[in-house]
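Contents: one structure, followed by commentary.
The values are calculated or read from the model by the stated rules, or taken from the named source; none is laboratory data. None of these values were measured; they are calculated from a predicted model. All Cβ positions, glycine included, derive from the backbone under ideal geometry; neighbour counts span all protein chains shown. We work out accessible area using only protein heavy atoms, side chains counted, and drop any ligands, DNA or RNA first. Shrake-Rupley method; radii C 1.70, N 1.55, O 1.52, S 1.80 Å.
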Amino acid sequence: MKTIRTFSDYIATVIPGKVRKISVNAGLGCPNRDGTVGSGGCIFCNNDAFCPRYTRGLQGITQQIEEGIRFTANKGRADAFLVYFQSYSNTYGPTGKLVRLYEEALAFPGVAGLVIATRPDCLAPDLLDYFERRFGRLAPAGHPFLLVELGMESTLDRTLELINRGHDHACSVTAANALSERGIAVGAHLILGLPGESESDWIGHAHRISSMPVTTLKLHQLQVIRGTALERMYAEDPGIVSLPTAEEYAASVRRFVAALRDGIYLDRFVSETPRDMVVAPSWGLKPSEFQKLI
């Protein structure tokens, strides 16, 4: 059976010691909500489902890092921190503003680098140039670490259109290549179980992701979240989505992972969402418990 390499395994190759990730909310928007690309957002998305509650009401990045370190103190000692720009599209906005936010995080004592989650259609040329000079191919020795996570969600254009994503798979390929060519590590997000997709489609995702310069991968099971278009669609027609048991999903994930090329680190297998926000499925398992099923 293929050995699963985790995000922790990867970080150990680039940052020495014990590293803890601290999530922040930069207050940035999304082009699929403000009319630039579309309106209403993706059918599955409610930002409150994955925005850490300790960030709410805190405006500054520095304050959020301080609170995040306190909030995660039960995870034990940390030799360094990664600041995770998680909520919405964190490369969306004027480049000068984005750079100020990133540099504020990097100035915090003990921060060794950034993880930036975004959409593949939100990478302006001047921002890519900044990444290359600050973190990538043109950066000086000893530069901070950067991983840019691209929300690809699916590699099938018909699915991307159905979920109101606002970009096609070719956009994801272009973005991953642009980052990799500049020496920036690329992460990908995929949702397994989107409407109309079968397990054979998931295996196709694995093959297409394997052909891209992707270093880390996050898998999310499809969840029907309160306050989303998908919740309304599910109420009208529950058959629009297939909701496997945890055991069934774990078996599918094993087959998905077997189809991936070696060298991709698995950051997560399931989403962890506040239970009061989940309509279905309700497995009641923490990610660590689910990983035992894998």
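Scanning the range 192-216 for residues that are within 23 Å of W283 (Cβ to Cβ) and in contact with a Phe, Trp or Tyr (Cβ under 7 Å, 6 or more places away or on another chain) yields L192, W202, I203, A206.
Screening G68 against (1) touching a residue at least 12 places away in the same chain (Cβ under 8 Å); (2) small (G, A, S); (3) open to solvent by 10 Å² or more (accessible area, probe 1.4 Å) leaves a single unmet condition, (3).
Do the conditions hold for T174, that is, is it over 16 Å from the mean Cα position of the chain (by Cα), of a type in the set (S, T, N, Q) and over 22 Å from S8 (Cβ atoms)? When the stated conditions are applied, T174 passes them.
Yes/no matrix, rows are residues, columns are (1) open to solvent by 20 Å² or more (accessible area, probe 1.4 Å); (2) closer than 30 Å to A80 by Cα; (3) in a loop (DSSP other than H, G, I, E, B):
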{"position": "R133", "(1), (2), (3)": "yes, yes, no"}
{"position": "H143", "(1), (2), (3)": "yes, yes, yes"}
{"position": "M152", "(1), (2), (3)": "no, yes, no"}
{"position": "G166", "(1), (2), (3)": "yes, no, yes"}
{"position": "G183", "(1), (2), (3)": "yes, yes, yes"}
{"position": "L190", "(1), (2), (3)": "no, yes, no"}
{"position": "P195", "(1), (2), (3)": "no, no, yes"}
{"position": "H207", "(1), (2), (3)": "yes, no, no"}
{"position": "M212", "(1), (2), (3)": "no, yes, yes"}
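Of the residues making up the range 246-275, just one is within 22 Å of F44 (Cα to Cα), modelled with pLDDT of 85 or more, out of contact with any Pro (no Cβ under 8 Å at 6 or more places or on another chain) and open to solvent by 40 Å² or more (accessible area, probe 1.4 Å), namely E248.
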